[in-house]
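A.B. asks: Next up is a structure, given as structure tokens.
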Amino acid sequence: MAHLQPLPPQTTPELADDFAIFEQILGFVPNSLLTMQRRPEIVRGFGVLTKAVMSPQGSVDLGFKRLLAHFASRAAGCQYCEAHSLIAAKIHGISDEKVAAVWEYQTSPLYSDAERVALDYALAAGSVPNAVDDALMVRMKAHWQDDEIVEILAAICLYGFLNRWNDSMATDLEEAPTALGDEVLAKGGWTGGKHRQS
């Protein structure tokens, strides 16, 4: 059960446009933001950062940025964000087959070599202590331009905030991410953990 209960979205009407950003990303307003709205400026600031990081004007595919977020969240152990990022990946064009193969990304023909190294990078960057080293950066630079690496790391770091927020709050998972977690992630050991509503 969440340490703080989310407030209804109507609690802070001036956040309607900010909440709309996340409805486009996920199809619903996440409980994390409904909790965060106790300090509206944090929601607004996070919305601005999210729009900048997940901008469609970037070079890195929007759906793939959500896969990066998934791997960073996996490294951090945030089961809430693991499920949320996969929902967002599907909404932004990652196929059901590719999502279903997320545990086999190193061997699945659905993933390219460039994607594999970037997902390795997300696991390393999301770990504590950080595991990005020179050898991994050499591999990254063989497949990604510098500006793309900046976008990739920004997606990882955006979810670093959410990982700490949601694990510290024990944010309750909503219905859709719970169902996806049970369908796809459970085979790799995902349970929903402290984020399952009781």
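A.B. asks: Run down T191, T178 and say which single residue is more than 27 Å from S55 (Cβ to Cβ), touching a residue at least 40 places away in the same chain (Cβ under 8 Å) and assigned to a helix (DSSP H, G or I). If you could, list the steps in order and put the result at the bottom.
C.D. replies: Details: T191 fails: assigned to a helix (DSSP H, G or I).
So the residue among T191, T178 that is more than 27 Å from S55 (Cβ to Cβ), touching a residue at least 40 places away in the same chain (Cβ under 8 Å) and assigned to a helix (DSSP H, G or I) is T178.
A.B. asks: Given the condition touching a residue at least 12 places away in the same chain (Cβ under 8 Å), closer than 18 Å to L62 by Cβ and not in a helix (DSSP H, G or I), answer yes or no: does some residue in segment 106-126 qualify?
C.D. replies: Yes, some residue in segment 106-126 is touching a residue at least 12 places away in the same chain (Cβ under 8 Å), closer than 18 Å to L62 by Cβ and not in a helix (DSSP H, G or I).
A.B. asks: Of everything in segment 117-168 that's among the aromatic types (F, W, Y), out of contact with any Phe, Trp or Tyr (no Cβ under 8 Å at 6 or more places or on another chain) and closer than 19 Å to S32 by Cα, which residue is surrounded by the fewest Cβ atoms within 10 Å (Cβ to Cβ)?
C.D. replies: Looking only at segment 117-168, we keep the residues that are among the aromatic types (F, W, Y), and these are 121, 144, 159, 161, 165.
Cutting the leftovers down to out of contact with any Phe, Trp or Tyr (no Cβ under 8 Å at 6 or more places or on another chain) gives us 121, 144, 159, 165.
Next, from what is left, pick out any that are closer than 19 Å to S32 by Cα: 159, 165.
On the way: Y159: 30, W165: 20.
This residue is W165.
A.B. asks: Further question on the same structure: Can you run down the residue pairs with Cβ atoms below 7 Å, 6 or more apart or on separate chains, where the first is in segment 50-70 and β-branched (V, I, T) and the partner is modelled with pLDDT under 95?
C.D. replies: Correct list of pairs: T50/I21.
A.B. asks: Can you find, within segment 1-27, the residue that is surrounded by the fewest Cβ atoms within 10 Å (Cβ to Cβ) among those that are in contact with a helix residue (DSSP H, G or I) (Cβ under 7 Å, 6 or more places away or on another chain) and part of a loop (DSSP other than H, G, I, E, B)?
C.D. replies: Pass one, segment 1-27, residues in contact with a helix residue (DSSP H, G or I) (Cβ under 7 Å, 6 or more places away or on another chain): 2-4, 6-7, 9, 12, 14-15, 18-19, 21-22, 25-27.
In the following step, the residues that additionally are part of a loop (DSSP other than H, G, I, E, B) were identified as 2-4, 6-7, 12, 27.
Working: A2: 19, H3: 10, L4: 14, P6: 21, L7: 15, T12: 17, G27: 14.
Residue satisfying both the conditions and the ranking: H3.
A.B. asks: Turning to a different aspect of this structure: Quick one: I149 ticks every box in (1) in a loop (DSSP other than H, G, I, E, B); (2) within 15 Å of A69 (Cα to Cα) bar one, so which box is it?
C.D. replies: I149 satisfies all of (1) in a loop (DSSP other than H, G, I, E, B); (2) within 15 Å of A69 (Cα to Cα) except (1).
A.B. asks: Is one or more of the residues making up segment 38-47 touching a residue at least 60 places away in the same chain (Cβ under 8 Å) and either buried (at least 23 other Cβ atoms within 10 Å of the Cβ) or of a type in the set (S, T, N, Q) (or both)? Even if it seems obvious, please write down each step before you answer.
C.D. replies: Pass one, segment 38-47, residues touching a residue at least 60 places away in the same chain (Cβ under 8 Å): 46.
Then keep just the ones that are either buried (at least 23 other Cβ atoms within 10 Å of the Cβ) or of a type in the set (S, T, N, Q) (or both); that gives none.
The answer is no; no qualifying residue exists.
The values are calculated or read from the model by the stated rules, or taken from the named source; none is laboratory data. Bear in mind the structure is a predicted one, so any value in this text is a computation, not a measurement. Quick reminder, even Gly has a Cβ in these numbers, built from the backbone with ideal geometry, and neighbours come from all protein chains shown.
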